[in-house]
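J.: One structure is given below, represented as structure tokens, and several questions about it will come after.
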Amino acid sequence: MPNATIPSSEVDLFESEVILDPWETYRELRDLGPVVHLSDLDMYVLPRYDDLRAALLDDVNFISSKGVHFNDLVNEASRGTTLGSDGEAHRYLRGIVGRPLSPRALQDMEPYVGGVSRSLVDVALAGETFDAVPLLANAMPTTVVPDLLGWEEEVRPKLFGWAQAGFNASGPTNERCMAGMSKVGEMLEYVKTVADERRVAPGSLSAKVFEAADRGEIREDQCPALMLDYLAPSLDTTASALGAAFMLFSTFPEQWQILREQPDLLPNAINEVIRWQTPIRAFTRVTTAAVEIDGTTIPPEARVMMLFASANRDERFWEDPDAFDVRRENASRHVGFGYGPHGCLGQGLTRLESRALFEELLGRVERFEPVGEPQLAVNNVIRAYESVPVKAVLA
Ligand code: HEM
């Protein structure tokens, strides 16, 4: 039961209309208080920036090893991943999974990712108008990540659908979640077979997981979960950010113009896109003890929603939070990659993919013009465009 001083809300954050246009609902939650009880899910939510950031730092009171998803089945299935572990075990796994994604390792990937960008942009710009989501936003990670994962060719067309289904399955047990579950089952089955048969390309991220097992750094039975750390969060997250960037640059051409004049702002612009879009809108934690936040107390053993997307639009922290501004000075302080001990391990890779793609486009495109309504997909956890039709006016 909610603490008497914690405000309660009956809003359903997983209703299609709220998923498609959540911003006013998030504002109402922020105005209700630093902690709000969601009666529909019997769960607490942290909608404000400061309190969310503090909770993300506190992995003793807010743990991940009871799962960060919204239902028991997926929380159980994701046991053993870096995302779903705590304490010493988490730090150890994070070291292993993070090694091939370190700045040094990513530097070696730059020429390859640059080459992928050039080929994708060549194809997209061959038509005067094109849909930037399938041709660029989705194509970038669905080319790069499978190459890095080193899995066989036949499975590649399935990966994006699996990752998308994974984010639906992550939600509360609604229809989208149930539809996602069966594909997640297929994905888990496949990952297990890859681990059993070790059918992966030499030098790939997956091969490095097996090498860690061979060196005795991890147990053999931990390999599937660690490969999931690379697959599940790496495709439609990046695609979401890139798709949003095309929507934003075509809707606000002056922002593209600023970037063309000051290309050094590109890393900041990428942060601003992540803040504005927040591809993963929320994950959860479970409290280990009664936790006091601004005078209200969340009971122990409570599931708490970390609403990244609301924090990234909190007017208590951000000036003019709904505006997209590539020059925003504190854009890098967003929580779109989480924050603290579980902060995104793949953000360097995503930044590399985004930088390479937009560096290529900044040299070749004077402006993007919208040529149709952008369409958002309805997913329990990922906020992503499925279509952003644009015309590219060449430089
Ligand atoms: C725009 C792209 C991306 C976004 C928005 C994103 C977002 C996030 C967020 C919000 C978290 C924190 C979860 C939490 O606190 O519970 C996270 C963690 C994580 N991400 Fe990403 N991610 C992106 C790309 C990637 C990529 C490309 C990879 C892998 C190659 C990746 C791998 C991971 C892993 C392994 C974790 C778990 C880290 C830990 O628990 O210590 N992510 N990501």
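The values are calculated or read from the model by the stated rules, or taken from the named source; none is laboratory data. Please read these numbers as outputs of a predicted model, since none were measured by experiment. Positions of Cβ are backbone-derived with ideal geometry, glycine not excepted, and every protein chain shown enters the neighbour counts.
J.: Assuming Ser102 fulfils every condition listed in (1) surrounded by 15 or more Cβ atoms within 10 Å (Cβ to Cβ); (2) over 30 Å from Ala395 (Cα atoms); (3) polar (S, T, N, Q) apart from one, which condition is it?
T.: (1)
J.: Identify all residues within the stretch 173-190 that are surrounded by fewer than 22 Cβ atoms within 10 Å (Cβ to Cβ) and β-branched (Val, Ile, Thr); write none if there are none.
T.: Of everything in the stretch 173-190, just one residue is surrounded by fewer than 22 Cβ atoms within 10 Å (Cβ to Cβ) and β-branched (Val, Ile, Thr), namely Thr173.
J.: Also, quick follow-up: Might you let me know whether the stretch 59-73 holds any residue that is hydrophobic (A, V, I, L, M, F, W, C), over 26 Å from Gly340 (Cβ atoms) and within 13 Å of the ligand (Cβ to nearest atom)? Lay out the reasoning, then the answer.
T.: If we filter the stretch 59-73 for residues that are hydrophobic (A, V, I, L, M, F, W, C), which is where we start, we get 60, 62-63, 68, 70, 73.
Remaining after also requiring over 26 Å from Gly340 (Cβ atoms): 73.
Okay, now just the ones that are also within 13 Å of the ligand (Cβ to nearest atom), so none.
Scanning the stretch 59-73, I find no residue that is hydrophobic (A, V, I, L, M, F, W, C), over 26 Å from Gly340 (Cβ atoms) and within 13 Å of the ligand (Cβ to nearest atom), so the answer is no.
J.: Shifting gears a bit: Quick check on Ser240: is it crowded, with 21+ Cβ neighbours inside 10 Å and not hydrophobic (A, V, I, L, M, F, W, C)? Quick ask: steps written out before the conclusion?
T.: Values: crowded, with 21+ Cβ neighbours inside 10 Å: yes; not hydrophobic (A, V, I, L, M, F, W, C): yes.
Answer is yes for this residue.
J.: Would you confirm whether any residue within the stretch 381-390 is among the β-branched types (Val, Ile, Thr), surrounded by 23 or more Cβ atoms within 10 Å (Cβ to Cβ) and over 15 Å from the mean Cα position of the chain (by Cα)?
T.: Yes: one or more hits.
J.: Scan the stretch 342-355 and report the pairs whose first residue is among the acidic types (Asp, Glu) and whose second residue is near the ligand (Cβ under 6 Å from one of its atoms), with Cβ atoms within less than 8 Å and a gap of 6+ or a chain change.
T.: Glu353/Thr238
J.: Name the one entry in Ser64, Ser9 that is at pLDDT 95 or above and surrounded by fewer than 19 Cβ atoms within 10 Å (Cβ to Cβ). Before the answer, list the steps.
T.: Working: Ser64 fails: surrounded by fewer than 19 Cβ atoms within 10 Å (Cβ to Cβ).
The conditions single out Ser9.
J.: Further question: Condition first: within 15 Å of the ligand (Cβ to nearest atom), assigned to a loop (DSSP other than H, G, I, E, B) and touching a Ser or Thr at 6+ places or on another chain (Cβ under 7 Å). Now tell me which residues in the stretch 299-344 satisfy that.
T.: Once the filter is applied, which keeps residues that are within 15 Å of the ligand (Cβ to nearest atom), assigned to a loop (DSSP other than H, G, I, E, B) and touching a Ser or Thr at 6+ places or on another chain (Cβ under 7 Å), the stretch 299-344 yields only Asn312.
J.: Could you look through the stretch 85-99, keep only residues that are in contact (Cβ under 8 Å) with a residue 24 or more places away in the chain and surrounded by 21 or more Cβ atoms within 10 Å (Cβ to Cβ), and pick out the one that is farthest from the chain's Cα centre (by Cα)?
T.: Applying the filter and picking the extreme gives Leu93.
J.: Moving to a separate point now. Return the only residue of Glu369, Glu360 being away from the ligand (no atom under 16 Å from the Cβ), part of a helix (DSSP H, G or I) and more than 30 Å from Tyr92 (Cβ to Cβ).
T.: Residue meeting the stated conditions: Glu360.
J.: Among the numbered criteria (1) surrounded by fewer than 17 Cβ atoms within 10 Å (Cβ to Cβ); (2) out of contact with any Phe, Trp or Tyr (no Cβ under 8 Å at 6 or more places or on another chain), which single criterion is violated by Leu57?
T.: Only one criterion in (1) surrounded by fewer than 17 Cβ atoms within 10 Å (Cβ to Cβ); (2) out of contact with any Phe, Trp or Tyr (no Cβ under 8 Å at 6 or more places or on another chain) is unmet by Leu57, namely (2).
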